[in-house]
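Below is one structure, written out as structure tokens, with a few remarks after it.
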Amino acid sequence: MYCGSCLRDNALAAALIRRGHDVVLSPVYTPTRTDERNVSAEHVFFGGISVFLEQHVPVFRYTPHALDRLWDSTWALRLASKRQIKVDPKSLGELTVSMLKGEHGFQAKEIAKLLDWLRSEPPFDLIVIPYSLLLGLAEPLKRELKAPVGCTLQGDDLFLDGLGPSYKRQSLDLIRAASRYVDAFFPVSDYYREFMPRYLGISTERMFVIPIAISLDGYSPRKTTRVGDFTVGYLARIAPEKGLHVLCDAYVRLRSTSGAEKARLVAAGYLPPEHEGYLNQARSILRKAGLEAEFEYRGEVDRAEKIRFLQGLDVLSVPTVYEEPKGMFLLEAMACGVPVVQPRRGAFPEIVAKTGGGVIVAADDPTALADGVLGLWRDPAKAAELGRSGTAGVRQHYSVEVVAEIAEDVYVSVAGRSANRLVS
């Protein structure tokens, strides 16, 4: 699928390259899929097939590297990633723990492959691990490459919470143990900078915010004159934690309000195979109210389709039922001049406060969400003003060019000298 974290990391790497830095963006598990020019390296380390085989079939922990090239090849990984594979954190507990054990886990051979390649590269000023879930790499990378190690924090807790108590506890213990090899952590929001030290048991002093960001190429504000029905939109992965069912409930309440007629609800985003039933449940909320005909699911969208989708909205809402630390969909909507209505959760309040591009309502309250949307429906001038503020605010605070400058300053500070070569 198009992964928000991958999109963010690829865009940031590309912006740093444009600023004159030598950046190596190395994919892990599968090739990077992005809706912009892909600047990641072709070779995938910890290939998903190898990692799976080493976890479950002991003989593959000792096969020669020459043989591994067969299933580590890009074509094999792309073929495997095209399959509709269910990715449930609960079923990945053992693998997560093994990966966090690093050289003591079942994937130790994969670390050796990575180190062999990195030794052949010119020296790095800084190494950035993309998630705390990969901190089993911190000690061997620091030991072998003699370079500072950083770690981006961008949604780790949601996955860890889904592992179940035993695997979550083991994973957190291993993360805390590995954190002593990490020079700095890079949370993607002010909210996450406050939350993650408590969650991981790591000092706040090592936390430096590098915000989420998007490339604004191709984005332009929508027409503010409405053509057709008032359109409420949702753009995110179709999954219970993202809250499509909450939005459907709010839409029913919205449509029951006197004068709230001629509307529609449209959704787009990747649908994991394990959540097909969930989408049907969300539809059933509308069906029971006689409103299913007003709903349309458009599937996963590429960059051009995404921009067209957003420009056709009057308002966007993704009412997550967890504390979302990112919210890239808000930036994308605002870049198109679309106001947002979001619950008071995670990073949403700070994004709306910085951009002025939306309304914050009570969390887990479909009535409050419906009232927020209704307020923009009844006041087109306010909606247009929020749209203009959001467009300007995203460009001022969350453009990848702006964030690349922040990242550069942070990375140079952590590296302790002039950084001209970065690895992620």
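The values are calculated or read from the model by the stated rules, or taken from the named source; none is laboratory data. As the structure is a prediction and not an experimental result, all values here were calculated from the model. Reconstructed Cβ throughout: ideal geometry from the backbone, glycine too, with neighbour counts over all protein chains shown.
A few comments on the model shown:
- Which numbered condition residue 147 fails, given (1) in a helix (DSSP H, G or I); (2) under 26 Å from residue 13 (Cβ atoms); (3) touching a residue at least 24 places away in the same chain (Cβ under 8 Å): (1)
- Hits in region 193-214 - residues which are over 14 Å from residue 325 (Cα atoms), part of a helix (DSSP H, G or I) and touching a residue at least 12 places away in the same chain (Cβ under 8 Å): 200, 206
- Residue list for region 237-267, restricted to those being surrounded by 22 or more Cβ atoms within 10 Å (Cβ to Cβ) and either modelled with pLDDT under 95 or among the hydrophobic types (A, V, I, L, M, F, W, C) (or both): 244, 246, 247, 248, 250, 254, 265, 267
- Given (1) in contact (Cβ under 8 Å) with a residue 12 or more places away in the chain; (2) surrounded by fewer than 24 Cβ atoms within 10 Å (Cβ to Cβ); (3) among the aliphatic types (A, V, I, L, M), number of the condition residue 412 does not satisfy: (1)
- Tabulated pairs, region 1-24, first without any contact (Cβ under 8 Å) to a residue 12 or more places away in the chain and not assigned by TED's automatic domain parsing to the domain that holds residue 327, second among the hydrophobic types (A, V, I, L, M, F, W, C) and outside any helix (DSSP H, G or I), C-beta under 7 angstrom, 6+ apart or interchain: none
- Answer residue from region 20-35, given it is of a type outside the set (A, V, I, L, M), outside any strand (DSSP E or B) and at pLDDT 85 or above and is nearest to residue 407 (Cα to Cα) among those: 21
Matching residues to (1) touching a Pro at 6+ places or on another chain (Cβ under 7 Å); (2) among the basic types (Lys, Arg); (3) at pLDDT 95 or above; (4) not assigned by TED's automatic domain parsing to the domain that holds residue 331:
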{"residue": "113", "(1), (2), (3), (4)": "no, yes, no, yes"}
{"residue": "140", "(1), (2), (3), (4)": "no, no, yes, yes"}
{"residue": "146", "(1), (2), (3), (4)": "no, yes, no, yes"}
{"residue": "150", "(1), (2), (3), (4)": "no, no, yes, yes"}
{"residue": "159", "(1), (2), (3), (4)": "yes, no, no, yes"}
{"residue": "169", "(1), (2), (3), (4)": "no, yes, yes, yes"}
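- Set side by side, the residues 216, 254, 244 differ, and just one is under 19 Å from residue 335 (Cβ atoms) and not small (Gly, Ala, Ser), which is 216.
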